[in-house]
Amino acid sequence: MSVSSRDSFLRRISTIEKASADAFLIDRVLTDAAHNDRARLLRNGLMVVAFTSLEDFIRARTGDLLDTISRTVVHFADLPEILRTAATMGAMKAARARADVEKNSGQDPAVLLQEAAAHVASTAGGALQISRFSLGYSGSNVNSGEISQIVTSFHAKDAWNEISSIASRCGAGSMPLKAAYDQAMQLRHAAAHRPDANTQPRDLQSFCLQATAIALGFDIIASRAARLLKDGNKEILAGKVKISDGLKIRFLDEGPKGFSERREGTARASKISKDSGEAYKAAVQNAVKLFEPVVLRNSKGLPTSWVCTDAM
C-alpha cells in the first residue's frame, strides 16, 4: 500500500469524525422534523462511507502485501498452502465475480480477467505476481471472517486477538475489535438498506476510533508476516506464528515540549523534537534498521497515524 492510501484512509476517517459533531448532523427538537430527517440521512450516509473506507484500506493494504510476498525468493510451492489456494482458486473465483460486476455496470471486463489469469499463471513458474483478487474480494463487503483469513493466509495465528492486542499496546483501548467490526457492519447494512435506520453521532465517533484501531492492528500484524514470508523465514513457512511476541513498537508522542520518540517498554524518550516533520523522519529512519512500526500518538495518547517499516 502506498503512503497516500494510508493517508487517504486516515483523512477520510478524521473528516467523518469531525463531521459527526457538526450542527447539521445533530437532532433538534422533535417538532423540527425536516432538520431531523435530513440529519438522519446524512448520518446514515456517513456510516456507509466510514465502513467502506475501512474495507478499502484492508483491500488496498492486502494487495500491496501480496506484491511484497510476490518478490520472495521462496518457490511458490513452499509458501503456505492457504495462501497458494487463495492465489489460484480464490483469485479466479473473485476475479470472475468482479468481472460480472463490471459487465453489469456497462464496462468491459476482459482486461480484468486477462490480468487475473496472467497472475494465476505466474504461480506455475517465472516471475511470481500474486493477484490482488486472491484475498479480500470473496464478497461485496469484507467481513470479519475474511480479515481473519487474510491474516491466516500469511501464517499469522490468532488474527483478531492479535489485532486487538497490538491496538491496545498502541493506546487504542482494550475492547475486542472483532465484535466492534461486526457491530459496525450491522450498522452499515442498516444505514444502507433500512429506511428506519437512525445512526447516532456517537455511533460514528465510536466507529472512527475503532476503525483506526482495526486498521493499525491489521497493518502491523499483516506487514510483519508478509515480510517474514518474503524473506523465507523458516519458522513462519513451517506453521502459523504469533507475530506480536517478537514485535517492538516505536512511538512518537505529542506533548507540551514537542514530539517524543521512544521504544515500547522504555520510560525515557530517546529524542524530543519541536518540529513534527523532523521528528517523524528521524523516528522512521531509526525504526527501519530494526523493522519496527512507528506509531504517532496525539496529546491524549491515541494513535493518529503509523508506518510499517516491514513493508512500507
All but one of (1) among the basic types (Lys, Arg); (2) surrounded by 15 or more Cβ atoms within 10 Å (Cβ to Cβ); (3) without any contact (Cβ under 8 Å) to a residue 40 or more places away in the chain hold for residue 28; which doesn't? (2)
The conditions are (1) farther than 20 Å from residue 47 by Cβ; (2) of a type in the set (Phe, Trp, Tyr); (3) in contact (Cβ under 8 Å) with a residue 40 or more places away in the chain, and residue 160 fails exactly one of them. Which is it? (3)
Filter result for residue 4 (loosely packed, with under 15 Cβ neighbours inside 10 Å, modelled with pLDDT under 95 and assigned to a helix (DSSP H, G or I)): yes
Exactly one condition in (1) surrounded by 12 or more Cβ atoms within 10 Å (Cβ to Cβ); (2) on the phi > 0 side of the Ramachandran plot is not met by residue 106; state its number. (1)
For the structure I just gave you, tell me whether residue 89 is more than 25 Å from residue 311 (Cα to Cα), surrounded by 15 or more Cβ atoms within 10 Å (Cβ to Cβ) and of a type in the set (A, V, I, L, M, F, W, C). no
Just to be sure I understand the filter: pairs with C-beta atoms under 8 Å, separated by 6 or more residues or on different chains, first member in segment 176-189 and more than 24 Å from residue 41 (Cβ to Cβ) and free of Cβ contacts under 8 Å to residues at least 24 places away in the same chain, second member in a helix (DSSP H, G or I) and open to solvent by less than 30 Å² (accessible area, probe 1.4 Å). Which pairs pass? 176/160; 176/164
Name every residue in segment 112-137 that is touching a helix residue (DSSP H, G or I) at 6+ places or on another chain (Cβ under 9 Å) and either of a type in the set (D, E, K, R) or exposed (fewer than 15 other Cβ atoms within 10 Å of the Cβ) (or both), in order of residue number. 115, 117, 124, 125, 127, 132
Is it true that some residue in segment 203-223 is touching an Asp or Glu at 6+ places or on another chain (Cβ under 6 Å), farther than 21 Å from residue 176 by Cβ and open to solvent by 10 Å² or more (accessible area, probe 1.4 Å)? no
For a quick check of your reading of the model, give me the residue pairs whose first member lies in segment 300-312 and is open to solvent by 30 Å² or more (accessible area, probe 1.4 Å), whose second is assigned to a strand (DSSP E or B) and of a type in the set (Lys, Arg), with beta-carbon atoms closer than 7 Å and at least 6 apart or on different chains. 304/297
Quick test for you: out of 11, 96, 61, 38, pick the one residue that is surrounded by 12 or more Cβ atoms within 10 Å (Cβ to Cβ) and touching a residue at least 24 places away in the same chain (Cβ under 8 Å). 61
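In this structure, is residue 222 in contact with a Cys (Cβ under 9 Å, 6 or more places away or on another chain) and touching a residue at least 24 places away in the same chain (Cβ under 8 Å)?
Judged against the criteria, residue 222 is a match.
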Among residues of segment 68-91, those that are in a helix (DSSP H, G or I), within 19 Å of residue 224 (Cβ to Cβ) and touching a Lys or Arg at 6+ places or on another chain (Cβ under 8 Å), counted: 2
Cβ-Cβ distance below 8 Å, separation of 6 or more or different chains: which pairs start in segment 114-133 with a residue that is within 15 Å of residue 79 (Cα to Cα) and end on one that is open to solvent by 30 Å² or more (accessible area, probe 1.4 Å) and among the polar types (S, T, N, Q)? 120/88; 122/129; 123/88
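The values are calculated or read from the model by the stated rules, or taken from the named source; none is laboratory data. Nothing here was measured: the structure is a model prediction, and the numbers come from that model. Positions of Cβ are generated from backbone atoms using ideal geometry, with glycine treated the same way; all protein chains shown enter the neighbour counts. Side chains included, ligands, DNA and RNA excluded: accessible areas come from the protein's heavy atoms. Shrake-Rupley method; radii C 1.70, N 1.55, O 1.52, S 1.80 Å.
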